[in-house]
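> This is the structure I want to talk about, given as structure tokens.
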Amino acid sequence: MLSILLVVPAVGAILAACWPSHTRTIASTIALAVIGWTVFLLTQFDLSNPAMQFAENFTWIDALGLSYRLGVDGLSLPLVALNSLLTWVAIYSSNEQIERPRLYYSLILLLNAAVSGVFLAQDLLLFFIAYELELIPLYLLIAIWGGQKRAYAATKFLIYTALSGALILAAFLGLAWLGGSNSFIYNPALAHALPVSQQLLLLGTLLLGFGIKMPLFPFHTWLPDAHVEASTPISVLLAGVLLKLATYGILRFCVGLFPDAWQIAAPWLSVWAIVSVLYGALMAIAQKDMKKMVAYSSVSHMGYILLAAAASTPLSFSAAMIQMVSHGLISATLFLLVGVVYQKTKTRDINILEGLLNPERGMPVIGSLMVVGVMASAGIPGMVGFVAEFLIFRSSFPIFPVQTLLCMVGTGLTAVYYLLLINKAFFGRLSAPVQNLEAVTWRERYPAMILTIAVVLFGLQPGWITRWSEPTIAATLHQPPAVVASVAK
Amino acid sequence: MDFNNLVTQLNAGTILPEGIVLITLLGILVGDLIFGRSIARNLSYFAVGGLVCSLVALILQWDNPQPVSFIGAYSSDPLSVVFRAIVVLSAAVTILMSISYVEQTGTALAEFVAILLTATLGGMFLSGSTELVMIFVSLETLSISSYLMTGYMKRDPRSNEAALKYLLIGASSSAVFLYGISLLYGLSGGETTLEAIARGIAGASGSLSLGLVVSLVFTIAGIAFKISAVPFHQWTPDVYEGSPTPVVAFLSVGSKAAGFALAIRLLVTAFPQVIEQWHFVFTALAILSMVLGNVVALAQTSMKRMLGYSSIAQAGFVMIGMVIGTETGYASMVFYLFVYLFMNLGAFACVILFTLRTGTDRISDYSGLYQKDPFLTLSLSICLLSLGGIPPLAGFFGKIYIFWAGWKAGAYGLVLLALVTSVVSIYYYLRVVKMMVVKEPNEMSDVVKNYPATNWNLPGMRSLQVATLAGLIATSLAGILSNPLFTIANDSVSNTPMLQASVQRQVAVK
């Protein structure tokens, strides 16, 4: 069942690379097939069962203790769905006249397979293989179809991610060896037996690895570069899905494998989250480039997830899940819209752009969608961003009151920089440098519209996201964490 | 000793694979004398056929109940079978690669193949010899043929330079090695077979003698030269750059594998008393090789030189398996060498293909190759990424096995260093991929602009295509479908008495 999510895009990638024509059609068909299969899995998913479902289990290489174990539970299913959706969006929103289409589309499909592999893997080594597999396609996607400084940005991305992979591998090797295990099967009981000092060491290594990918201050510097230089569809994938690899890794491995050490580290992690949130927000205020602003807002918003993970109550985990999906949808929308603006006006500088919301000669629909997207990102009620942020603060406040309050300042700052953006670029009179814009076609509007509808829909019905993950989270955190107990006293 | 007893003691059937190679070699020499250049190409196909037969004979020797032969001078245990198979395979692929290369340079093909077969013979004997004289003779057979091959492009001054450098450094290292083993001979009271030496030394002195340590150091110097471990690597980049590319391919795989076989056999069997000392020395060699090889490779502009430094670094990874000295450690070495055989030969086949079509070897000249030759770009990219350890290619599984074995044996520092240096190595391998794939058509290098159309029907090109394809397919699939290879590697270690004894000794010490 689950292997289809890996095999179909991988075969599609080979097909797209070898078939001489109609590459785009092939890629869209494959992406739609993947979405179809995801929907089928969603319908078959047993909501009451917190354990792994649709599990597949084969021994792959005995000597290494590597097994091919797939499974999906409440933590991974929403992210798998997000990946399928955004891959199609990325393919649909790609330029039809893109150079080297065969390589391009096959790399995107390969990326899709690798990311699905990360979310589905139930073997630590298999997780690492999928995690590294995503590296080269994304590097090439940035390096070939990117902007002016793409070579620099892609190399920086590569070095950071490769380092993060090495750290994660070191932690997994360490866990398997210290736990005395001959295999890499995901097994929470393995770490329990270890002394806390060893757990902390392994957790630290793992956190460093995921922190680079997530990204957390001060390891975030690759992200603005990669985002600004990547083309729009790649930015969508990068922000929408690839950053989630790290947050998923934190929830699944850091918390799931080292719950005791996590409790010790949690207060420090919440402080790290504040630094990341505030730094990202302040940097975003200073940006003139719309894309860079959205990129820094990602740094800031991923910090919330760390805060929620540090609180580690069932509610905060649900909140983290919503924030992952919500950030995936919202940042993808914003990148798509910025992409359209850039394509029409040839600039992303908010000091040059003005009055784009002009109903006749501007881009009113894009502008309106932008306003909605920005509101969602800033956490205005009625949209999924609000639900996510509210839940995070609501669930973290009893545990880390001061840290949560400081993070709330971050939401205020989000409103500041996005208002600056909207005010400068979309309100006012249409400025001279951006007269005579090409009309925006419906093709360019559809992807952002679909995502915006999802943003509003999930904002009104957040239960449609949480229902998948609640049983799993409840089972993962069945014991009330020690921190909660101490606060209650 | 009656005749029957002698025949059993000789047990000459164990060297059947070598015999086949030898007969092939003689056939080529005679055929070349009689028919001349007209059938040179057929003779090289004949050589490949002979090597394949020899490989089959090797497979039949697997799990030989009577491995010891020639009154203890030679052993055909699974470990030696595996290493001989690596040497034979690398020679076969090298011949496939060299046909069009040697013909294009206008030198005699049949003689080249004959020298290569001699080197193969030396490498095979070296992998199985358990006696000092035998070791030295086969080592010299391998070395002298290598010097000859290195200088085979006699009109090219760089090839001459490479041959002279290799000869001088090689001769002195052979001398050092010879002095080392002569000490062994004396210390053990005149024994020459390795097991007897170990017994003799253990009997002669209860405590650690200085002579043994000196002998160890000299022996290691000789071996380290063969596997080009830092700091005995200085010849490698120059020789690799100047020699004909197929020769480099053989030196970096076949000759190196034979060197490792010698290292395992000699050190494990003859130096059990100073096991900590030689582990320490090899740890140092491994660290230096990994760091220096990977870091210096970053700065290279010539593809062959880059691959030269990369092969130094790769040897560093292999040494980790040796240093930890556990059963999985040795198995991971064997596995890695197998994988390395495919990916490195694949990469060299691609480099030869590119050099044949453009006449250059600079990394910057590869820019924009994607537009002109997608097949070559794909093959070279896959092989290089595999060398860099990107999953799910073969190299990744090789590396992870070594890391896993090292980690289990408690060599954290080495494994972490290897992890960091392999991140560094991704950068320089990917630089070539970037040149080929990422560059725009307008950034294409001049040689690629004038790139000739691919014509596989030219003489000698088919075999090169076969070599490239074999490298490509093996590199992409040997990782995913690696269970048989793992079994071979593990069995070769668990069925070899000499390694088992050493592993057990180590366990007993702990």
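> Condition (residue is facing another protein chain (nearest Cβ under 10 Å), touching an Asp or Glu at 6+ places or on another chain (Cβ under 8 Å) and modelled with pLDDT under 90) applied to region B:383-393: is it met by at least one residue?
The answer is yes, given that some residue of region B:383-393 is facing another protein chain (nearest Cβ under 10 Å), touching an Asp or Glu at 6+ places or on another chain (Cβ under 8 Å) and modelled with pLDDT under 90.
For (1) on the phi > 0 side of the Ramachandran plot; (2) in contact with a strand residue (DSSP E or B) (Cβ under 9 Å, 6 or more places away or on another chain); (3) not assigned by TED's automatic domain parsing to the domain that holds A:TYR160; (4) not aliphatic (A, V, I, L, M), each residue gets a yes or a no:
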{"residue": "A:THR221", "(1), (2), (3), (4)": "no, no, no, yes"}
{"residue": "A:SER231", "(1), (2), (3), (4)": "no, no, no, yes"}
{"residue": "A:GLY249", "(1), (2), (3), (4)": "no, no, no, yes"}
{"residue": "A:PRO267", "(1), (2), (3), (4)": "no, no, yes, yes"}
{"residue": "A:TRP272", "(1), (2), (3), (4)": "no, no, yes, yes"}
{"residue": "A:GLY280", "(1), (2), (3), (4)": "no, no, yes, yes"}
{"residue": "A:ILE285", "(1), (2), (3), (4)": "no, no, yes, no"}
{"residue": "A:LYS292", "(1), (2), (3), (4)": "no, no, yes, yes"}
{"residue": "A:SER300", "(1), (2), (3), (4)": "no, no, yes, yes"}
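> Which residues, taken from region A:292-328, are more than 22 Å from A:HIS220 (Cα to Cα) and of a type in the set (A, V, I, L, M)?
A:ALA311, A:LEU315, A:ALA319, A:ILE322
> If we scan region A:110-128, do we find a residue that is assigned to a helix (DSSP H, G or I), among the hydrophobic types (A, V, I, L, M, F, W, C) and at the interface with another protein chain (Cβ under 8 Å from one of its Cβ atoms)?
Yes, there is a match, as at least one residue in region A:110-128 is assigned to a helix (DSSP H, G or I), among the hydrophobic types (A, V, I, L, M, F, W, C) and at the interface with another protein chain (Cβ under 8 Å from one of its Cβ atoms).
> Then there is this: Of all the residues that make up region B:318-348, how many are more than 16 Å from B:SER386 (Cα to Cα) and within 14 Å of another protein chain (Cβ to nearest Cβ)?
So the count comes out to 12.
> Tell me, which helices (runs of 4 or more DSSP H) wholly within region B:439-510 include 2 or more residues that are under 30 Å from B:GLN61 (Cα atoms) and more than 14 Å from every other protein chain (Cβ to nearest Cβ)?
On the way: elements: B:446-449, B:461-480, B:483-494, B:497-509.
Passing ranges, in order: B:461-480, B:497-509.
> Continuing with this model, one more query. Considering only region B:1-15, state which residues are surrounded by 16 or more Cβ atoms within 10 Å (Cβ to Cβ) and part of a helix (DSSP H, G or I).
First, pick out the residues of region B:1-15 that are surrounded by 16 or more Cβ atoms within 10 Å (Cβ to Cβ): B:11, B:14-15.
B:THR14, B:ILE15, listed by residue number.
> Please find, within region B:400-416, the residue that is nearest to A:SER181 (Cα to Cα) out of those that are more than 10 Å from every other protein chain (Cβ to nearest Cβ) and not in a loop (DSSP other than H, G, I, E, B).
B:ILE402
> Consider B:LEU380 carefully, then state whether it is within 11 Å of chain A (Cβ to nearest Cβ) and buried (at least 21 other Cβ atoms within 10 Å of the Cβ).
Against the criterion (within 11 Å of chain A (Cβ to nearest Cβ) and buried (at least 21 other Cβ atoms within 10 Å of the Cβ)), B:LEU380 does not qualify.
> On to the next question. Checking A:ALA154 against (1) closer than 23 Å to A:ILE14 by Cα; (2) facing chain B (nearest Cβ under 10 Å): exactly one of these is not met. Which one?
With (1) closer than 23 Å to A:ILE14 by Cα; (2) facing chain B (nearest Cβ under 10 Å) applied to A:ALA154, the lone miss is (1).
> Still on this structure: List, please: which pairs have Cβ atoms under 6 Å, are six or more places apart or on different chains, and start with a residue in region A:403-424 that is over 15 Å from A:GLY367 (Cβ atoms) and in the same structural domain as A:PHE393 (by TED's automatic domain parsing) and end with one that is crowded, with 16+ Cβ neighbours inside 10 Å and of a type in the set (S, T, N, Q)?
If the second residue must be crowded, with 16+ Cβ neighbours inside 10 Å and of a type in the set (S, T, N, Q), the pairs left are A:GLN403/A:SER270; A:THR404/A:SER396; A:GLY410/A:SER300.
> List pairs: first in region B:263-283 and without any contact (Cβ under 8 Å) to a residue 12 or more places away in the chain, second assigned to a helix (DSSP H, G or I) and of a type outside the set (Lys, Arg), Cβ under 9 Å, 6+ apart or cross-chain?
That search, which allows pairs on different chains as well, returns B:PHE280/B:VAL323.
Table: residues versus (1) within 30 Å of A:GLN263 (Cβ to Cβ); (2) touching a Gly at 6+ places or on another chain (Cβ under 8 Å).
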{"position": "A:ASP289", "(1), (2)": "no, no"}
{"position": "A:LYS292", "(1), (2)": "no, no"}
{"position": "A:HIS301", "(1), (2)": "yes, yes"}
{"position": "A:LEU307", "(1), (2)": "yes, no"}
{"position": "A:SER316", "(1), (2)": "yes, no"}
{"position": "A:ILE322", "(1), (2)": "yes, no"}
{"position": "A:SER331", "(1), (2)": "no, yes"}
{"position": "A:GLY339", "(1), (2)": "no, no"}
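> Follow-up. Determine whether region B:347-354 contains at least one residue that is in contact with a helix residue (DSSP H, G or I) (Cβ under 7 Å, 6 or more places away or on another chain) and closer than 26 Å to B:TRP407 by Cα.
Taking every residue of region B:347-354 in turn, none turns out to be in contact with a helix residue (DSSP H, G or I) (Cβ under 7 Å, 6 or more places away or on another chain) and closer than 26 Å to B:TRP407 by Cα.
> Among the residues of region A:172-197, which ones are within 14 Å of another protein chain (Cβ to nearest Cβ) and either touching a residue at least 24 places away in the same chain (Cβ under 8 Å) or in a loop (DSSP other than H, G, I, E, B) (or both)?
Filtering region A:172-197 down to residues within 14 Å of another protein chain (Cβ to nearest Cβ) leaves A:172-184.
Residues satisfying the conditions are A:PHE172, A:GLY174, A:LEU175, A:ALA176, A:LEU178, A:GLY179, A:GLY180, A:SER181, A:ASN182, A:SER183, A:PHE184.
> Which residue out of A:MET283, A:MET302 is out of contact with any Phe, Trp or Tyr (no Cβ under 8 Å at 6 or more places or on another chain), assigned to a helix (DSSP H, G or I) and closer than 21 Å to A:ALA376 by Cα?
Among A:MET283, A:MET302, only A:MET302 is out of contact with any Phe, Trp or Tyr (no Cβ under 8 Å at 6 or more places or on another chain), assigned to a helix (DSSP H, G or I) and closer than 21 Å to A:ALA376 by Cα.
> Quickly run through region A:136-151 and pick out the residues that are more than 10 Å from every other protein chain (Cβ to nearest Cβ) and either within 18 Å of the chain's Cα centre (by Cα) or part of a helix (DSSP H, G or I) (or both).
Hits for region A:136-151 are A:PRO137, A:LEU138, A:LEU141.
Each row is one residue, and each column tells you yes or no for (1) buried (at least 18 other Cβ atoms within 10 Å of the Cβ); (2) closer than 17 Å to A:ILE322 by Cα.
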site	(1), (2)
A:MET383	yes, yes
A:SER396	yes, yes
A:ILE399	yes, no
A:THR404	yes, no
A:LEU420	no, no
A:SER431	no, no
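> Here's something else I'd like to know. Scan region B:340-363 for residues that are assigned to a helix (DSSP H, G or I) and basic (Lys, Arg) and jot them down.
Filtering region B:340-363 down to residues assigned to a helix (DSSP H, G or I) leaves B:340-358, B:363.
Once the filter is applied, which keeps residues that are assigned to a helix (DSSP H, G or I) and basic (Lys, Arg), region B:340-363 yields only B:ARG357.
> Additional query: Could you tell me which of the residues B:TYR152, B:TYR185 is in contact (Cβ under 8 Å) with a residue 40 or more places away in the chain, surrounded by 14 or more Cβ atoms within 10 Å (Cβ to Cβ) and not in a helix (DSSP H, G or I)?
B:TYR152
> May I ask you to list the residues in region B:58-80 that are in a helix (DSSP H, G or I) and out of contact with any Asp or Glu (no Cβ under 9 Å at 6 or more places or on another chain)? Before the answer, list the steps.
As a first pass, look at region B:58-80 and keep what is in a helix (DSSP H, G or I): B:58-61, B:78-80.
Within region B:58-80, B:LEU58, B:ILE59, B:LEU60, B:GLN61, B:LEU79, B:SER80 qualify.
> Under 8 Å between Cβ atoms, which residue pairs at least 6 apart in sequence (or on different chains) link something in region A:300-322 that is surrounded by fewer than 24 Cβ atoms within 10 Å (Cβ to Cβ) with a partner that is among the charged types (D, E, K, R)?
Cβ pairs passing all conditions: A:PRO314/A:GLU470; A:LEU315/A:ARG394.
> Being farther than 20 Å from A:ARG348 by Cβ, at the interface with chain B (Cβ under 7 Å from one of its Cβ atoms) and free of Cβ contacts under 8 Å to residues at least 40 places away in the same chain narrows it down to one residue among A:LEU133, A:LEU163, A:LEU169; which is it?
Residue meeting the stated conditions: A:LEU133.
Yes/no matrix, rows are residues, columns are (1) free of Cβ contacts under 8 Å to residues at least 24 places away in the same chain; (2) over 25 Å from the mean Cα position of the chain (by Cα); (3) within 20 Å of A:LEU173 (Cβ to Cβ):
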site: B:PHE397; (1), (2), (3): no, no, yes
site: B:LYS408; (1), (2), (3): no, yes, yes
site: B:SER422; (1), (2), (3): no, no, yes
site: B:VAL433; (1), (2), (3): no, no, no
site: B:GLU443; (1), (2), (3): no, yes, no
site: B:THR454; (1), (2), (3): no, yes, no
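> If you check B:SER332 against the conditions, is it hydroxyl-bearing (Ser, Thr, Tyr), under 16 Å from the mean Cα position of the chain (by Cα) and farther than 22 Å from B:MET461 by Cα? Break it down stepwise before answering.
Values: hydroxyl-bearing (Ser, Thr, Tyr): yes; under 16 Å from the mean Cα position of the chain (by Cα): yes; farther than 22 Å from B:MET461 by Cα: yes.
The answer is yes for B:SER332.
The values are calculated or read from the model by the stated rules, or taken from the named source; none is laboratory data. Bear in mind that the values here come from a model prediction, so they are computed numbers and not experimental data. Quick reminder, even Gly has a Cβ in these numbers, built from the backbone with ideal geometry, and neighbours come from all protein chains shown.
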